[in-house]
Amino acid sequence: AQLSWAERLKAGLAKTRGQIGSLFSRRKIDAELLEELESTLLMADCGIDATAWLLEQLKLAVKRDKLETSDQLRAALATLLLQLLAPLEEPLDAGRGKPFIMMIAGVNGAGKTTSIGKLAKHFQGQGLSVLLAAGDTFRAAAREQLKAWGERNDVTVIAQESGDSAAVIFDAIHAAKARGIDVVLADTAGRLPTQLHLMEEIAKVKRVIQKTDPGAPHEVLLVLDANIGQNAIQQVKAFDKAIGVSGLAVTKLDGSAKGGVLAAIARQCPKPVRFIGVGEGIDDLRPFSAEEFVEALLE
Ligand code: GDP
């Protein structure tokens with residue numbers, strides 16, 4: 001049988017959950033347990049900053065609330081993680097513009113194209129009309145992939161054989177306005193993770209979008225692979241500097257993700273996590289819920 005998305009998230013985070021779980025199943029709270037928890041959190045991609053914060057807060061809680069059992073420590077960790085991640089839970093409101101113009105960025109392989117398809121389906125499910133702008137002009141295959149996908153799913157895709165990303169997106173926004181479309185999903189050229197310094201083109205795309213509507217883009221969504229560890233921080237910062245990231249889609253949290261990257265983001269470069277990707281299927285993009293995430297990580 002097909003796993004539900006919640007089961008897939010749980011399966012994805014199984015390794016981290018198992019490691020934390022085995023720590024807590026064993027014994028009383030002592031320095032050794034806290035030290036092992038620290039290395040477990042670091043290995044789970046929480047990063048030095050979030051790990052240090054969690055440990056410090058846990059030690060305070062142990063003293064303040066006179067915690068004795070590892071079960072109590074686990075509950076305290078759940079509370080702290082929730083406190084850390086809850087501010088990232090800020091669902092996307094597509095009513096902020098008409099059309100609501102979303103610019104989508106990310107490095108190659110992060111899951112950008114897949115996520116755009118999922119997003120189109122998500123908005124259609126809300127009764128909104130969607131138009132895709134095939135702005136990833138760098139990769140011809142991306143354009144073809146998007147066009148084929150649009151045909152199958154009854155979504156208009158504006159693409160050009162030649163012309164730069166900004167021009168395609170500019171045309172697409174005008175087409176969307178003329179047709180009374182609700183949501184424009186503008187794909188942008190991907191780049192290699194080693195090309196984070198090459199941001200001129202994408203910055204230009206943003207300036208061109210701004211010319212179509214003073215409030216646009218209404219969302220600058222960065223698609224991030226959850227499995228790249230601390231590189232995620234570097235990517236958020238680089239894209240944020242160039243185009244002002246307003247939200248994240250964190251993909252591939254199924255499979256074998258460690259999950260801690262969200263804690264690292266919360267501490268080091270907080271941005272609303274609009275969606276999480278939990279599979280390759282069209283329905284496998286979910287609005288982020290901190291509570292569900294902490295549950296999948298700890299229970
Ligand atoms: P792009 O280069 O950023 O456009 O990346 P793609 O959308 O082509 O995705 C790269 C690979 O990641 C593809 O094989 C996708 O099916 C896969 N992928 C994307 N999102 C997810 C996800 O949430 N979970 C899993 N397991 N795979 C994903």
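The values are calculated or read from the model by the stated rules, or taken from the named source; none is laboratory data. Computed from a predicted structure; not experimentally measured. Cβ coordinates were reconstructed from backbone atoms using ideal geometry, including for glycine residues, and neighbour counts include every protein chain displayed. Quick note on the areas: whole protein, heavy atoms, side chains included, nothing else; ligands and nucleic acids left out. Shrake-Rupley method; radii C 1.70, N 1.55, O 1.52, S 1.80 Å.
When each of E219, E200 is tested for being open to solvent by 80 Å² or more (accessible area, probe 1.4 Å) and of a type in the set (D, E), the lone residue that passes is E200. Annotation: of all residues in segment 195-230 being polar (S, T, N, Q) and closer than 17 Å to V273 by Cα, the one that is farthest from the ligand (Cβ to nearest atom) is Q230. Note on segment 148-183: among residues that are farther than 18 Å from V205 by Cα and of a type in the set (G, A, S), the one that is nearest to the chain's Cα centre (by Cα) is G150.
Would you say G244 is open to solvent by less than 40 Å² (accessible area, probe 1.4 Å), at positive phi and free of Cβ contacts under 8 Å to residues at least 40 places away in the same chain? The answer is yes for G244. Within the bounds of segment 102-116, is there any residue that is assigned to a helix (DSSP H, G or I), touching a residue at least 40 places away in the same chain (Cβ under 8 Å), more than 26 Å from L196 (Cβ to Cβ) and touching a helix residue (DSSP H, G or I) at 6+ places or on another chain (Cβ under 9 Å)? So far as segment 102-116 goes, no, none of its residues is assigned to a helix (DSSP H, G or I), touching a residue at least 40 places away in the same chain (Cβ under 8 Å), more than 26 Å from L196 (Cβ to Cβ) and touching a helix residue (DSSP H, G or I) at 6+ places or on another chain (Cβ under 9 Å). Annotation note: of T188, T156, T137, the sole residue that is at pLDDT 90 or above and within 16 Å of the ligand (Cβ to nearest atom) is T188.
Here F275 fulfils each of the conditions (1) within 11 Å of the ligand (Cβ to nearest atom); (2) at pLDDT 95 or above; (3) open to solvent by 30 Å² or more (accessible area, probe 1.4 Å); (4) under 21 Å from F123 (Cβ atoms) apart from (3). Checked against (1) open to solvent by less than 40 Å² (accessible area, probe 1.4 Å); (2) in contact with a strand residue (DSSP E or B) (Cβ under 8 Å, 6 or more places away or on another chain); (3) away from the ligand (no atom under 15 Å from the Cβ), A166 meets all criteria but (2).
Each row is one residue, and each column tells you yes or no for (1) within 21 Å of the chain's Cα centre (by Cα); (2) under 21 Å from L224 (Cβ atoms).
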| site | (1), (2) |
| --- | --- |
| A105 | yes, yes |
| I116 | yes, yes |
| L128 | no, no |
| A134 | yes, no |
| R139 | no, yes |
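In segment 78-104, the residue that is farthest from the ligand (Cβ to nearest atom) out of those that are open to solvent by less than 10 Å² (accessible area, probe 1.4 Å), over 20 Å from Q268 (Cα atoms) and hydrophobic (A, V, I, L, M, F, W, C) is F100. Residue-level check: of (1) within 14 Å of the ligand (Cβ to nearest atom); (2) of a type in the set (S, T, Y); (3) more than 30 Å from R74 (Cα to Cα), T251 misses just (3).
Step by step: first the residues of segment 142-153, then only those that are over 14 Å from A186 (Cα atoms) and touching a Ser or Thr at 6+ places or on another chain (Cβ under 9 Å), then the one that is farthest from the ligand (Cβ to nearest atom). Which residue is that?
As a first pass, look at segment 142-153 and keep what is over 14 Å from A186 (Cα atoms): 144-145, 148-149, 151-153.
Subsequent filtering for residues that are touching a Ser or Thr at 6+ places or on another chain (Cβ under 9 Å) retains 145, 149.
Numbers: Q145: 7, W149: 10 Å.
Restricting to residues being over 14 Å from A186 (Cα atoms) and touching a Ser or Thr at 6+ places or on another chain (Cβ under 9 Å), the top hit is W149.
Of the residues making up segment 250-262, not a single one is within 24 Å of A94 (Cα to Cα), touching a Lys or Arg at 6+ places or on another chain (Cβ under 7 Å) and without any contact (Cβ under 8 Å) to a residue 40 or more places away in the chain. In the condition set (1) open to solvent by 70 Å² or more (accessible area, probe 1.4 Å); (2) touching a Lys or Arg at 6+ places or on another chain (Cβ under 7 Å), V107 is compliant with all but (1). Does A148 qualify as being more than 25 Å from Q234 (Cβ to Cβ), open to solvent by 10 Å² or more (accessible area, probe 1.4 Å) and assigned to a helix (DSSP H, G or I)? Judged against the criteria, A148 is a match. Counting only residues that are assigned to a strand (DSSP E or B) and either among the basic types (K, R) or within 16 Å of the ligand (Cβ to nearest atom) (or both), segment 169-185 holds 1 of them.
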